[in-house]
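Structure record follows, encoded as structure tokens.
Coordinate-derived values only; no laboratory data. Bear in mind that the values here come from a model prediction, so they are computed numbers and not experimental data. Glycine gets a Cβ as well: all are built from the backbone with ideal geometry, and neighbour counts include every protein chain shown.
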Amino acid sequence: MSNRRPYVRSMDGWWKRDPYFIRYMAREVTALLVAAYAVVLLAGLVRLSQGEAAFNGWLQYLKTPWMLVFHLIALATFVYHTWSWFKIMPKTMPIMFVGGKRVQPGTITGTGLAAAVVACLAVLFIVGGMHP
Amino acid sequence: MKRSNEPIFWSLFGAGGMLAALIGPALVFITGIAVPHGLIFAPDTMSYANMHAFAQNWVGKIFLFAVVALFMWHAAHRIAILAHDLGVHAHTATKVVCYGLALLGTLVAAYALLGIA
């Protein structure tokens, strides 16, 4: 048996030490809500394949206050995901050149966010137009 | 040298993240807030008849499958990294659980969609 007890610095709460780490962690944590929302949709798909009564049960469940609270939190999280996804995109994508000049990080983020706004509006209009 | 399987999972992560970033907020607003609570859209927007017709169509099937499966692969990749960041050092086990659940969700989604004829 050894009496040696080497000092090991604790890593607990390492991400609270720096605002950069906090932003990193906030970005990663959005995945929990993305997963939960995917599970809600998957439950809907399974219920849809089981027939009208099963699917109506799922629709009723969506009307409960808990599911409203869940979706409000999910909406805020998805908006943050969109924002952070394009915010880090200049670092995650290969360096791009247009006309021999490097595309600026702000341009990449701005273009991505604009694309997201257009895509979201398109989805809202398509769904609204399908069953007016 | 053993080839890394990382590019496959990273591609799925990236595709899911991009899809979620582009249309995620609109989807959550429509399916979780507006339609169930009778805002803006017609009350029958997500009725059984409408959703069944949508899922019967191949375009609808592919869309629903892409959203559910890619969101899950995206989340699985991040949650596996999150576990590591929070001090879970069983890397292989973490990946097997996270990617395994994403694969299970993908198969269930495919099975449900193929069952809607």
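Hydrophobic (A, V, I, L, M, F, W, C), within 24 Å of B:His74 (Cα to Cα) and surrounded by 14 or more Cβ atoms within 10 Å (Cβ to Cβ): is that true of A:Leu59 in this structure?
No, not satisfied.
Could you please give the count of residues in the stretch B:76-117 that are among the aromatic types (Phe, Trp, Tyr) and touching a residue at least 12 places away in the same chain (Cβ under 8 Å)? Please lay out each step first, then the result.
Let us first name the residues in the stretch B:76-117 that are among the aromatic types (Phe, Trp, Tyr), namely B:99, B:111.
Filter again for touching a residue at least 12 places away in the same chain (Cβ under 8 Å), leaving B:99.
Going through the stretch B:76-117 one residue at a time, the tally reaches 1.
Going through the stretch B:1-49 one residue at a time, which ones are among the small types (Gly, Ala, Ser) and farther than 19 Å from A:Met89 by Cα?
If the condition is that a residue be among the small types (Gly, Ala, Ser) and farther than 19 Å from A:Met89 by Cα, then B:Ser4, B:Ala26, B:Gly32, B:Ala34, B:Gly38, B:Ala42, B:Ser47, B:Ala49 are the ones that fit.
Which members of the stretch B:23-42 meet the condition of being more than 23 Å from A:Leu113 (Cβ to Cβ), among the hydrophobic types (A, V, I, L, M, F, W, C) and either crowded, with 16+ Cβ neighbours inside 10 Å or more than 8 Å from every other protein chain (Cβ to nearest Cβ) (or both)?
Within the stretch B:23-42, B:Val35, B:Leu39, B:Phe41 meet the criteria.
Looking at the structure I just gave you, is A:Thr92 β-branched (Val, Ile, Thr), more than 7 Å from chain B (Cβ to nearest Cβ) and more than 21 Å from B:His37 (Cβ to Cβ)?
yes
Inside the stretch A:1-52, can you point out the residues that are over 23 Å from the mean Cα position of the chain (by Cα), charged (D, E, K, R), within 8 Å of another protein chain (Cβ to nearest Cβ) and part of a helix (DSSP H, G or I)?
A:Glu52
Just name the residue that is nearest to A:Gln50 (Cα to Cα) out of those in the stretch B:78-117 that are more than 8 Å from chain A (Cβ to nearest Cβ), crowded, with 18+ Cβ neighbours inside 10 Å and under 14 Å from the mean Cα position of the chain (by Cα).
B:Thr106
Please specify each residue of the stretch A:98-115 satisfying the condition of being surrounded by 13 or more Cβ atoms within 10 Å (Cβ to Cβ) and polar (S, T, N, Q).
Across the stretch A:98-115, the qualifying residues are A:Thr107, A:Thr109, A:Thr111.
Every residue in the stretch B:43-75 that is in contact (Cβ under 8 Å) with a residue 60 or more places away in the chain and surrounded by 18 or more Cβ atoms within 10 Å (Cβ to Cβ), please. Spell out how you get there, then give the answer.
Within the stretch B:43-75, the first condition is being in contact (Cβ under 8 Å) with a residue 60 or more places away in the chain, and the residues that meet it are B:52, B:55-56, B:73-74.
Selection gives B:Ala55, B:Trp73, B:His74.
Does A:Trp83 satisfy the condition of being within 16 Å of B:Gly32 (Cβ to Cβ) and either over 19 Å from the mean Cα position of the chain (by Cα) or within 9 Å of another protein chain (Cβ to nearest Cβ) (or both)?
no
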